[in-house]
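The numbers here are math on the coordinates, done by the rules we state, and not lab data. This one's a predicted model, so the numbers in the text were calculated from it and none came from an experiment. Cβ coordinates were reconstructed from backbone atoms using ideal geometry, including for glycine residues, and neighbour counts include every protein chain displayed.
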Amino acid sequence: MTDETKRDGAFAASGGRPARVATTTAALDIAIKYGFLALLAGLIVFFSVMSTGFASAQSAVFILQSVSITGILALGVTATLVVGGFDLSIGAVATTAMMASAYVMVVLRGDAVSATLACLAIGVIVGLLNGFLIVYMRVPDLLATLGMMFLLVGLQRIPTEGRSIATGMTLPDGSVATGKFSPGFLALGRHRFDLVVPDLLPVSVVVLLTLAVLIWFFLEYTRFGRLMYAVGSNARAAQLAGTPVNAYRIGAYVISGVFASIGGVMLAARLGRGDIASGNNLLLDSVAAALIGYAVLGASKPNAFGTAIGSLFVGVLLQGLTMMNAPYYTQDFVKGAVLVIALVFTFALSKTGKR
């Protein structure tokens, strides 16, 4: 009896189990890779059927505009996740940048350029401080960025004694703020480009898409991006290979800080004031989008494309629930449930598939 005949006989005696195992594994791989995208498509179909007006160009643009700021912040978080870190200060950086831009223009009567540069400087400085604490002071990233978050939340309230900034407000010294937001600055958050129909595409959406493409290309197709993944995967091996691990880790937090400050600029331009409470949900929504990105196309790693899809998913979910008149207090529960499902797809099922 030949070896091939023996194998055929063993396969027949097993009832074709190897074929069934292979089929099950292939089906599981497909579920891991495309399951989340199928869930997103299912949500869009469901809300389109259940809510009149959901499936319209205006609704789509509103969804993109609503997630543009959180998406920008989430892309920054992704950079820190790539190097094995995490940034809890992004929401506070964004609100600090928003308050700073309002203070420069309304209180100091500066122009849009100086306000924007001040915000970007805040992002760079906070990123450097976070990186210094984590890399050289060896403070765990969660604790360092959590401490920075509380520091910034307190700092942004001091100049105005906890009040929002708007033209005509009374300052702590009794004077009145006479400055105002410049039209060019407000255009960053309010102007819309013509696309098929007039005033359809907001500037904030263009900024989000541009930043998403840039960070995606940087992480996936440049030497620096690949080395950042190497640092996050095995910092010791990357260091032995000659990679300046500390510089890459600090650089990731600088990227996160700059992206958060850009989000703060866009938020200030949209609101036209320095609203002290407007950034309360930025951290949770941004972190959710970045973590959901792990499940997109079975990546099982932080990636810019997945983060962008995660941001879109959060926007579709919240817009659909709002249009269906779902109580506002249920939205965080639904977002949490979706995040848990995404993480199950990412980690539990992917490990099962590998076994």
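Worth a mention:
- Folded to 0 to 90 degrees: helix 112-135 orientation relative to the chain principal axis, Cα: 50 degrees
- Projected label distance in nm at Glu161 and Ile30, using a 7 Å step from Cα toward the beta-carbon: 6.7 nm
- Its DSSP H runs of at least 4 residues, each contributing -39,500 (n - 2.57), put the calculated 222 nm mean residue ellipticity of the chain at -23000 deg cm²/dmol, to the nearest 500.
- Neighbour-count ranking [beta-carbon atoms within 10 angstrom, fewest first] of Ser89, Ser175: Ser175, Ser89
- Between the amide H of Leu200 and those of Phe193, Asp194, Leu195, distances stay under 5 Å, these residues lying 5 or more places away or on another chain, with hydrogens modeled in the peptide plane.
- ³J(HN,Hα), Karplus 6.51/-1.76/1.60, whole Hz, each residue of segment 101-109, x for Gly, Pro: 5, 5, 5, 4, 7, 7, 8, 8, 6
- Rg/Rh (Cα only; Kirkwood hydrodynamic radius) as it applies to the chain: 1.07
- Pairwise Lys count, the chain - Cα closer than 25 Å, eight or more residues apart or different chains: 8
- Summed residue charge, Cβ within 15 Å of Leu284's Cβ, Lys/Arg positive, Asp/Glu negative: -2
- In the chain, the longest principal axis of the Cα atoms and the axis of helix 245-271 are about 60 degrees apart.
- Alpha-carbon centroid distance for the pair segment 179-249 / segment 262-284, whole angstrom: 18 Å
- Ranked by how many other Cβ atoms sit within 10 Å of their own Cβ, fewest first, the residues Val77, Val93, Val316 fall in the order Val316, Val77, Val93.
- Sorted by Cβ density within 10 Å, fewest first, the residues Val254, Val176, Val83: Val176, Val254, Val83
- Taking amide H as placed 1.01 Å from N in the peptide plane, Ile165 has its amide H under 5 Å from the amide H of Gly274, Asp275, Ile276, each at least 5 places away in sequence or on another chain.
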